[in-house]
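Below: the structure, in structure tokens.
The values are calculated or read from the model by the stated rules, or taken from the named source; none is laboratory data. For clarity, every value in this text was computed on a predicted model and none was experimentally measured. Don't worry about glycine lacking a Cβ; one is built from the backbone with ideal geometry, like all the others, and counts go over all protein chains shown. Side chains are part of the model used for accessible areas, which takes the heavy atoms of the whole protein and leaves out ligands, DNA and RNA. Shrake-Rupley method; radii C 1.70, N 1.55, O 1.52, S 1.80 Å.
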Amino acid sequence: MKTIYETKGTCSKAIELDIDEATGVINSVQFLGGCPGNTFGVAQLVKGQKAEDVISKLEGITCGVKPTSCPDQLAQALRQVMNR
């Protein structure tokens, strides 16, 4: 399932996700905006992982004084997709 999640409170503006609906495995992630090296690195690390595992690892991570981060927003996006 391909979807676009609009981020809140981060430098990235959106996250494009492709998740296998049957297995919950992440096929691809692409951040639109944000810090290119960091967001590309996160996207590569989560590829092939189960969404539920990634959520448990990334949810709640903050960026400086911001209450969220690009990894946290990815967790929120995955949670939204998995709860459909």
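Observations on the model:
- Distances between placed amide hydrogens fall under 5 Å for SER28 paired with ASP18, all partners being 5 or more residues away or on another chain.
- The candidate values were (1) 19, 13, 12; (2) 19, 16, 11; (3) 21, 14, 11; the one computed from these coordinates for semi-axes √(5λ) of the Cα gyration tensor in Å carries the label (1).
- A simple packing score, the average count of other Cβ atoms within 10 Å per residue, orders the peptides 44-56, 7-19, 69-81 as 69-81, 7-19, 44-56, with the highest score first.
- Under 5 Å, built H, 5+ apart or other chain: amide partners of GLY33: LYS13
- Anchor LYS66: lysines whose Cα lies under 16 Å away (excluding residues fewer than 8 positions away in-chain): LYS8, LYS13
- The stretch 11-84 - percent of accessible surface contributed by carbon and sulfur, probe 1.4 Å: 54 percent
- Extending 7 Å from Cα along the Cβ direction at ALA14 and again at ASN83 yields two label points whose distance is 2.1 nm.
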